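S.K.: First the structure, then my questions, so here it is.
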Amino acid sequence: CQLVTSTDATQRKQLIREIERLEHRGDEITHEIFKELSRNFITPFDREDIHRLVSAIDDILDYIHGSSKRIDLYKVKEFSSDMVKLSELLQTQTEELRRVIYELKNMRNISESLVLINSIENHADDIFDNAVARLFETETNAVEIIKTKEILSALETATDMCEDAANVIDSIIVKMA
């Protein structure tokens, strides 16, 4: 959200570097968890579910990083309201996912957040579809169309990945019930 709302080029560069750093840290954590899964006999829930959840979260980070990388590579200086809205929705989803993951140990106060994450993803689909339709209607520069559509697509796919993570959590809850 900060990246697509910042007007300061220096700050945007710093945010892009920070997103990249966090994505790499996420990869390290993912690999650490996978190693631990292969070593430990007792886990809080099924190994496969842990693996699926960690992979889904890694996918979210990958698409957020992909969005920021495209913003950098394509030298985007101005962001559409649709990019801002998608990033805000993505931020809300990731905040809810973070909260839900911490609540997994208690198995409480989770379902409303999962419904919200899924609802946000549906809203993001609508924003993406309308943004692309508007882009094709109003933009005459083919290069700008491609750049903008790529960034919108990466942001929207990140919201899909949040829904995937929520679905994994939902299946864990069903198994634990």
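The values are calculated or read from the model by the stated rules, or taken from the named source; none is laboratory data. Just so it is clear, the structure is predicted and the values come from calculations on it, not from any experiment. A quick note on method: Cβ atoms are made from the backbone with ideal geometry, for glycine too, and the neighbour counts reach across all protein chains shown. For the accessible areas, the whole protein counts, side chains as well, though only heavy atoms, and no ligand, DNA or RNA atoms are used. Shrake-Rupley method; radii C 1.70, N 1.55, O 1.52, S 1.80 Å.
S.K.: What number of residues within region 26-63 are small (Gly, Ala, Ser) and loosely packed, with under 13 Cβ neighbours inside 10 Å?
M.R.: The initial filter retains those residues of region 26-63 that are small (Gly, Ala, Ser), namely 26, 38, 55-56.
Going one step further and asking which of them are loosely packed, with under 13 Cβ neighbours inside 10 Å, we end up with 38.
Summing the residues that are small (Gly, Ala, Ser) and loosely packed, with under 13 Cβ neighbours inside 10 Å in region 26-63 gives 1.
S.K.: Further question: Tell me the residue from Lys75, Lys35 that is basic (Lys, Arg) and closer than 24 Å to Ile172 by Cα, please.
M.R.: Details: Lys75 fails: closer than 24 Å to Ile172 by Cα.
None of the others qualify; the one that does is Lys35.
Here is a yes/no grid of residues against (1) buried (at least 18 other Cβ atoms within 10 Å of the Cβ); (2) more than 30 Å from Pro44 (Cβ to Cβ):
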site: Leu90; (1), (2): yes, no
site: Asn118; (1), (2): no, no
site: Asp125; (1), (2): no, yes
site: Glu139; (1), (2): no, yes
site: Thr148; (1), (2): yes, yes
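S.K.: Are any residues in region 106-116 buried (at least 19 other Cβ atoms within 10 Å of the Cβ) and not β-branched (Val, Ile, Thr), and if so, which ones?
M.R.: Filtering region 106-116 for residues buried (at least 19 other Cβ atoms within 10 Å of the Cβ) gives 110, 113-114.
Matches in region 106-116: Ser113, Leu114.
S.K.: Return the pairs, sorted by first residue and then second, in which the second residue is of a type outside the set (Val, Ile, Thr) and assigned to a helix (DSSP H, G or I), the first residue lies in region 1-19 and is over 20 Å from Leu152 (Cβ atoms) and in contact (Cβ under 8 Å) with a residue 24 or more places away in the chain, the beta carbons are less than 9 Å apart, and the residues are 6+ apart or on different chains.
M.R.: Close Cβ pairs (under 9 Å, with a partner that is of a type outside the set (Val, Ile, Thr) and assigned to a helix (DSSP H, G or I)) amount to Lys13/Asp72.
S.K.: Give the residue that is nearest to Leu22 (Cα to Cα), with candidates limited to residues of region 64-80 that are open to solvent by 60 Å² or more (accessible area, probe 1.4 Å) and touching an Asp or Glu at 6+ places or on another chain (Cβ under 8 Å). Lay out the reasoning, then the answer.
M.R.: Narrowing region 64-80 to residues open to solvent by 60 Å² or more (accessible area, probe 1.4 Å): 69-70, 73-75, 77-78.
Applying the additional criterion that residues be touching an Asp or Glu at 6+ places or on another chain (Cβ under 8 Å) yields 69-70, 74.
Numbers: Lys69: 13, Arg70: 16, Tyr74: 21 Å.
Filtering region 64-80 for residues that are open to solvent by 60 Å² or more (accessible area, probe 1.4 Å) and touching an Asp or Glu at 6+ places or on another chain (Cβ under 8 Å), the one nearest to Leu22 (Cα to Cα) comes out as Lys69.
S.K.: Still on this structure, please answer the following. Just a yes or no: is a residue in region 26-43 over 22 Å from Ala124 (Cα atoms), among the charged types (D, E, K, R) and within 15 Å of the chain's Cα centre (by Cα)? First the steps, then the outcome.
M.R.: Taking region 26-43 as the starting set, the residues that turn out to be over 22 Å from Ala124 (Cα atoms) are 26-43.
Narrowing further to those that are among the charged types (D, E, K, R): 27-28, 32, 35-36, 39.
Within this subset, residues satisfying the condition of being within 15 Å of the chain's Cα centre (by Cα) are 27.
Yes, there is a match, as at least one residue in region 26-43 is over 22 Å from Ala124 (Cα atoms), among the charged types (D, E, K, R) and within 15 Å of the chain's Cα centre (by Cα).
S.K.: Considering only residues that are polar (S, T, N, Q) and part of a helix (DSSP H, G or I), look in region 1-54 and name the one that is farthest from Thr92 (Cα to Cα).
M.R.: From region 1-54, those polar (S, T, N, Q) are 2, 5-7, 10-11, 14, 30, 38, 40, 43; that's our starting set.
Pick out the ones that are also part of a helix (DSSP H, G or I) and you get 2, 5, 10-11, 14, 30, 38.
Details: Gln2: 13, Thr5: 16, Thr10: 26, Gln11: 22, Gln14: 22, Thr30: 22, Ser38: 33 Å.
It comes out as Ser38.
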